[in-house]
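Okay, structure first, notes after.
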Ligand code: UD1
């Protein structure tokens, strides 16, 4: 078993480069199944979810060459099965994108029920509703999803819930469908725009991604033969922005799109942090104890749920009592119990948590319950006095590339140790 051992407190100082977006990459890789050709994707984050997806695609007949640690060339001309490896697909969430992509490419797919972070109930009813409106038949049996279609036809689809996954998945299924699909009440996250840009680069006709109405005119084929670069990860950028404040540091965060971070930037300024926005980089620095705040997570462009735990670390030592209302996931406050072991005073109940700001955090052994909780505990360990050990690194490695190296380069005293 591996753990991260952190000695703090250390103010983080210097420059950090942001990797490609996990949530874009884990959708773009399945999207390559729609291409009857070869394409190159760069700025791919080298994280375990991406490597797992590559293994799944290879088992389905794709040929993948890693040109560099962050660039692959993928040939999906010879996909030879409609069965995704069930043991692997049930390990993570984004395997659900294989359904939309394979319905489009082969009209059929068998895939394990998606796993992923335990953030509460994670239904996929909106994905299934979309596939069925396009003409597919979807059934679930013993943890396996079977989806089949005799040709998909474009249709108007109103999403009952704003869902990132359902929006992307239905977009994937609609790209090669006959006629026009209109997704209404679509999610607007930057990675939705990125997946649409990728598909359009490869020959699709998708308009309106990034607004709440997306129109997809079906095309007969995606030919590929192009190179695409994955958008920078706004959640990783936000993680370092909050690490700068929590650690009383000063960071220049490079290779990010600051427009994607506006809800976070506004909150950092509101609590008394300093921000210099340069468009493709952002400097964030601490000058005084943060003020209390009230935060509600919302779909983009609202405050992202995936930055809620990292913000929770900052608020745990703010001046006064803060409140976070989590409106997306019902079990996203598991990290607060770990922060309490470090001296925080947080009371979480259901989808709300009250943070009574304490003067400082103290190192302790802590367990990450999910990906972003893990990032939050690393930040807490860097800000805390004494030694922190962070366990359950498999969650963190799913979504952050070289996390301890990136933190070490900006001054953290952090070591990965095998037990
Ligand atoms: C994606 C992100 C995840 C992020 C989340 C919200 C990926 C791989 N993961 O997850 O990091 O936390 O967006 O920004 O991109 N819902 C339904 N029915 C559905 C689909 C969703 O009720 O069919 C509900 C969910 O339970 C949740 C809400 O809608 O309460 C939003 O979920 P969704 O946007 O779909 O999240 P994911 O795509 O799973």
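One line per residue, one yes/no per condition, for (1) at pLDDT 95 or above; (2) in the same structural domain as residue 307 (by TED's automatic domain parsing); (3) in a strand (DSSP E or B); (4) surrounded by 16 or more Cβ atoms within 10 Å (Cβ to Cβ):
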{"site": "33", "(1), (2), (3), (4)": "yes, no, no, yes"}
{"site": "54", "(1), (2), (3), (4)": "yes, no, no, yes"}
{"site": "57", "(1), (2), (3), (4)": "yes, no, no, yes"}
{"site": "79", "(1), (2), (3), (4)": "yes, no, no, yes"}
{"site": "87", "(1), (2), (3), (4)": "no, no, no, no"}
{"site": "100", "(1), (2), (3), (4)": "yes, no, no, yes"}
{"site": "103", "(1), (2), (3), (4)": "yes, no, no, yes"}
{"site": "111", "(1), (2), (3), (4)": "no, no, yes, yes"}
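Among the residues of the range 299-310, are any away from the ligand (no atom under 16 Å from the Cβ), assigned by TED's automatic domain parsing to the domain that holds residue 244 and not in a loop (DSSP other than H, G, I, E, B)? No.
If you filter the range 35-52 down to residues that are within 13 Å of the ligand (Cβ to nearest atom) and in a helix (DSSP H, G or I), you find that the one that is surrounded by the fewest Cβ atoms within 10 Å (Cβ to Cβ) is 52.
Annotation: residue 333 fulfils all but one of (1) buried (at least 18 other Cβ atoms within 10 Å of the Cβ); (2) at pLDDT below 95; the unmet one is (2).
Remark: pairs (first residue in the range 11-24, part of a loop (DSSP other than H, G, I, E, B); second residue within 9 Å of the ligand (Cβ to nearest atom); Cβ separation under 8 Å; 6+ apart in sequence or on different chains) = 21/191; 21/235. In the range 329-345, the residues that are under 9 Å from residue 366 (Cα atoms) reach residues that are modelled with pLDDT of 95 or more and surrounded by fewer than 19 Cβ atoms within 10 Å (Cβ to Cβ) with C-beta atoms within less than 7 angstrom, at least six apart or across chains, in these pairs: 338/367; 342/362.
Please indicate, with yes or no, whether at least one residue in the range 372-390 is at pLDDT below 95 and in a loop (DSSP other than H, G, I, E, B). No: the range 372-390 contains no residue that is at pLDDT below 95 and in a loop (DSSP other than H, G, I, E, B). In the range 185-202, is there at least one residue being surrounded by 20 or more Cβ atoms within 10 Å (Cβ to Cβ), over 22 Å from the mean Cα position of the chain (by Cα) and either assigned by TED's automatic domain parsing to the domain that holds residue 166 or at pLDDT 95 or above (or both)? Yes, because at least one residue in the range 185-202 is surrounded by 20 or more Cβ atoms within 10 Å (Cβ to Cβ), over 22 Å from the mean Cα position of the chain (by Cα) and either assigned by TED's automatic domain parsing to the domain that holds residue 166 or at pLDDT 95 or above (or both). Inside the range 222-258, residues that are touching a residue at least 60 places away in the same chain (Cβ under 8 Å), buried (at least 24 other Cβ atoms within 10 Å of the Cβ) and under 29 Å from residue 6 (Cα atoms) make up a count of 18. Is it the case that residue 358 is away from the ligand (no atom under 15 Å from the Cβ), part of a strand (DSSP E or B) and modelled with pLDDT of 95 or more? For residue 358, the condition - away from the ligand (no atom under 15 Å from the Cβ), part of a strand (DSSP E or B) and modelled with pLDDT of 95 or more - is not met. Check whether at least one residue in the range 143-159 is under 29 Å from residue 397 (Cβ atoms), in contact with a helix residue (DSSP H, G or I) (Cβ under 6 Å, 6 or more places away or on another chain) and within 10 Å of the ligand (Cβ to nearest atom), and report yes or no. No, the conditions are met nowhere in the range 143-159. When 344, 380, 384, 375 are checked against the criterion of being out of contact with any strand residue (DSSP E or B) (no Cβ under 8 Å at 6 or more places or on another chain) and surrounded by 24 or more Cβ atoms within 10 Å (Cβ to Cβ), 375 stands alone in meeting it. Checked against (1) outside any strand (DSSP E or B); (2) modelled with pLDDT of 95 or more; (3) touching a strand residue (DSSP E or B) at 6+ places or on another chain (Cβ under 9 Å), residue 253 passes all but a single condition, namely (1). From 295, 323, which residue is buried (at least 16 other Cβ atoms within 10 Å of the Cβ) and part of a strand (DSSP E or B)? When all the criteria are applied, what remains is 295. The residue that is farthest from residue 251 (Cα to Cα), counting only those in the range 267-281 that are in a loop (DSSP other than H, G, I, E, B) and in contact (Cβ under 8 Å) with a residue 24 or more places away in the chain, is 271.
The values are calculated or read from the model by the stated rules, or taken from the named source; none is laboratory data. Only a predicted model underlies this, so the values are computations on that prediction, with no experimental measurement involved. Note: ideal-geometry Cβ built from the backbone for every residue, glycine included; neighbour counts use all protein chains shown.
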